[in-house]
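**Q** Dropping a structure here in structure tokens format, bear with me for questions.
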Amino acid sequence: MTELEELQQLFRDAMFGDKIALSAVGNLVRPVGGLSGEEHVRIYRQTVLGTLTRSLGNIFAVTRRLVGEQFFDAMAARYIPDAPSRSPDLADYGESFPQFIREFAPAAELPYLGDVALLEWHWHRAFHAADEPPLDSEALRAAAAEDASRIVFRLPASATLLESRFPIRRIWQINQPDYHGSDQLSLDDGGERLIVWRRLANELRIDELDDDTWQLLNGIAKGQTLEQLGDGANISLLPRCAERGWLGGFDTL
Amino acid sequence: MTDTDPLATTFCPAEISGVGLGLRSQHYQDILRTRPSIPWFEVLSENYMSTGGPALHHLEQVRQHYPITLHGVGMSLGSTDELDFDYLDKLKNLIQRFEPAWVSDHLAWISTGQHYLHDLLPVPYTSAALEHIAQKIMRAQEYLGRRLLIENPSSYLCFREDEMSEWEFIAALAERADCHLLLDVNNLYVSATNQGADASEWLRLIPSGRVREIHLAGYEDKVDYLFDTHGHPVHPPVWELYAETIRAIGPRPTLIEWDTDIPSFERLMQEARTAEQTLARLAA
């Protein structure tokens, strides 16, 4: 290991709360002005945690609003040291945060919080998902005429199916900055089954699904053929799903 | 699938001059609706590395009317980790698609052992570090098929083992790697203050022939040190240092950076006009 590599690993450990590393890096730094070596290093600790916390706060904006800024930042500070980022793109950071929230004891009073966070994560991913052309209905008709049993539908590349026993879509809606309607909500309103996705380049959507459509789209997400879908799900809903944009495309076996 | 077919899109020429602004998503609508007379926009590369979605869709439209520069934080040139070629491939795609005037990144490391810290961290100014970073810049330039602009950092510390000052290091690095420089006047001021160095003295060390672009931004005075927040107007001593820079090296395309507490587009235009007046006054 080179000296530079050693320095960088020590510096990294100092950023995430290792006190011995912090003091060791502090000793490598020249005190300037009124600040000791360690105090200089602490400035970076603040910027590293600040950048990651801000990014999580932007992605999980509703979660942050629900628990308040201070609670959110404290929760992020607990999450970050054990959740190293593995991508140069900051937008990839935070995938495991919803699960962390579910297991974070101080947040247990808000049992829906982890589900709301998961909804926000998939919204964020839908924003960045690949563009794709709409379902080619002409090609679909031709494939169906040839051998419909060999058709395997795909959900849109941006889509995630999400189920919660809480009304997370409603919670998400009334916590949007530009929301003006009633903020009345009861946790007894029941759960929701949702598809989070993006239409064309611009239109991000969270659509609620009825039980039959949920079952059908779940079969599609599992890669079932039209024949397999017909076994348990109501395939007469397919045209409506296509119309709504919930079918991204299809392959033929 | 975007509304505009990329193949049918025509971009304006790539060259930049005058005072540009950072392109921020809050301002897409203002920019596309009113087409303000801003000569160019700087784009944060990482915000456009996905394979679809609204950001790329807007950039496609903006690029039809304005030249752009690509400014990144992801190369981790100061790290002992190898270059991330997936990242460079994404950057290469962006370059091919949007034809930027310049592509820049920082003298800093953001990762070690493939753990990304997403912050611009300091390197020691030693000859060993210089050789390592120069090699990485050269490999990145070779891979991308173009010269990079390397930006001077905002530093909050200097290492005891430093063998040279920040600008002795940067000047030697630029020479060794044969790269261009992005001179951030605010960073230079912040670093000099935090290291107890003389900003005017550093200014004299700048290899002016390599500077292709200037950045201006606002810092926050934390009493014990200056903090580079990009969340404030440009401060008077930085405006003075900017004028001194232009007098010393001549006019350069200049960018106003404002990344946190982003104000209205009108307020940013105001800041850009102040920089334009400085450029015009010193050119006269």
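The values are calculated or read from the model by the stated rules, or taken from the named source; none is laboratory data. In this text the structure is predicted, and so the values were computed from the model without any measurement. Because the Cβ atoms are built from the backbone with ideal geometry, glycine has one as well, and the counts that use them run over all protein chains shown. All accessible areas refer to the heavy atoms of the entire protein, side chains included, with ligands and DNA or RNA removed. Shrake-Rupley method; radii C 1.70, N 1.55, O 1.52, S 1.80 Å.
**Q** Search the range A:39-53 for residues being of a type in the set (D, E, K, R) and more than 8 Å from chain B (Cβ to nearest Cβ), and hand back the single one that is nearest to A:Tyr79 (Cα to Cα). Before you say what the answer is, go through the steps one by one.
**A** So the first thing to find is which residues in the range A:39-53 are of a type in the set (D, E, K, R), and the list is A:39, A:42, A:45.
Filter again for more than 8 Å from chain B (Cβ to nearest Cβ), leaving A:42, A:45.
Values: A:Arg42: 19, A:Arg45: 15 Å.
Looking at residues that are of a type in the set (D, E, K, R) and more than 8 Å from chain B (Cβ to nearest Cβ), I get A:Arg45.
**Q** Shifting gears a bit: Taking A:Met1 as the residue in question, decide whether it is at the interface with chain B (Cβ under 10 Å from one of its Cβ atoms), aliphatic (A, V, I, L, M) and either touching a residue at least 24 places away in the same chain (Cβ under 8 Å) or open to solvent by 30 Å² or more (accessible area, probe 1.4 Å) (or both). Full working, then the answer.
**A** On the way: at the interface with chain B (Cβ under 10 Å from one of its Cβ atoms): yes; aliphatic (A, V, I, L, M): yes; either touching a residue at least 24 places away in the same chain (Cβ under 8 Å) or open to solvent by 30 Å² or more (accessible area, probe 1.4 Å) (or both): yes.
Judged against the criteria, A:Met1 is a match.
**Q** Additional query: Mind listing whichever residues of the range B:196-230 are surrounded by 20 or more Cβ atoms within 10 Å (Cβ to Cβ), within 14 Å of another protein chain (Cβ to nearest Cβ) and over 17 Å from the mean Cα position of the chain (by Cα)?
**A** B:Tyr225, B:Leu226
**Q** Specify the residue that is nearest to the chain's Cα centre (by Cα); the eligible residues are those in the range B:9-53 that are closer than 18 Å to B:Leu91 by Cβ and among the polar types (S, T, N, Q).
**A** If we take residues in the range B:9-53 being closer than 18 Å to B:Leu91 by Cβ and among the polar types (S, T, N, Q), then B:Ser45 is nearest to the chain's Cα centre (by Cα).
**Q** Got a sec? Which helices (runs of 4 or more DSSP H) wholly within the range A:39-138 have at least 1 residues that are over 23 Å from B:Leu56 (Cα atoms) and touching a Gly at 6+ places or on another chain (Cβ under 8 Å)?
**A** On the way: elements: A:61-67, A:69-79, A:97-102, A:113-128.
Here the list reads A:61-67, A:69-79, A:97-102.
**Q** Of the residues that make up the range B:87-104, is at least one of a type outside the set (Ser, Thr, Tyr), crowded, with 19+ Cβ neighbours inside 10 Å, within 12 Å of another protein chain (Cβ to nearest Cβ) and outside any helix (DSSP H, G or I)?
**A** No, there is no match, as no residue in the range B:87-104 is of a type outside the set (Ser, Thr, Tyr), crowded, with 19+ Cβ neighbours inside 10 Å, within 12 Å of another protein chain (Cβ to nearest Cβ) and outside any helix (DSSP H, G or I).
**Q** Still on this model: Against the conditions (1) under 28 Å from B:Arg247 (Cβ atoms); (2) assigned to a strand (DSSP E or B); (3) among the polar types (S, T, N, Q), where does B:Ser111 fall short? Just the number, please.
**A** Of the numbered conditions (1) under 28 Å from B:Arg247 (Cβ atoms); (2) assigned to a strand (DSSP E or B); (3) among the polar types (S, T, N, Q), the odd one out for B:Ser111 is (1).
**Q** Of all residues in the range A:164-209, which are more than 14 Å from chain B (Cβ to nearest Cβ), of a type in the set (Asp, Glu), open to solvent by 60 Å² or more (accessible area, probe 1.4 Å) and under 18 Å from the mean Cα position of the chain (by Cα)?
**A** Pass one, the range A:164-209, residues more than 14 Å from chain B (Cβ to nearest Cβ): A:164-176, A:179-195, A:206-209.
Right, trim to of a type in the set (Asp, Glu) and you get A:183, A:188-189, A:192, A:207-208.
Now drop any that are not open to solvent by 60 Å² or more (accessible area, probe 1.4 Å), which leaves A:183, A:188-189, A:208.
A:Glu208 - this is the single residue of the range A:164-209 that is more than 14 Å from chain B (Cβ to nearest Cβ), of a type in the set (Asp, Glu), open to solvent by 60 Å² or more (accessible area, probe 1.4 Å) and under 18 Å from the mean Cα position of the chain (by Cα).
**Q** Would you confirm whether or not the range A:120-140 contains a residue that is touching a residue at least 40 places away in the same chain (Cβ under 8 Å), among the hydroxyl-bearing types (Ser, Thr, Tyr), within 14 Å of another protein chain (Cβ to nearest Cβ) and more than 20 Å from A:Arg65 (Cα to Cα)?
**A** No: zero hits.
**Q** In the range B:23-52, how many residues are more than 14 Å from chain A (Cβ to nearest Cβ) and either open to solvent by 20 Å² or more (accessible area, probe 1.4 Å) or touching a helix residue (DSSP H, G or I) at 6+ places or on another chain (Cβ under 8 Å) (or both)?
**A** Taking the range B:23-52 and keeping what is more than 14 Å from chain A (Cβ to nearest Cβ), we get B:23, B:27, B:30-31, B:33-43.
Subset that is either open to solvent by 20 Å² or more (accessible area, probe 1.4 Å) or touching a helix residue (DSSP H, G or I) at 6+ places or on another chain (Cβ under 8 Å) (or both): B:23, B:27, B:30-31, B:33-39, B:41, B:43.
Count: 13.
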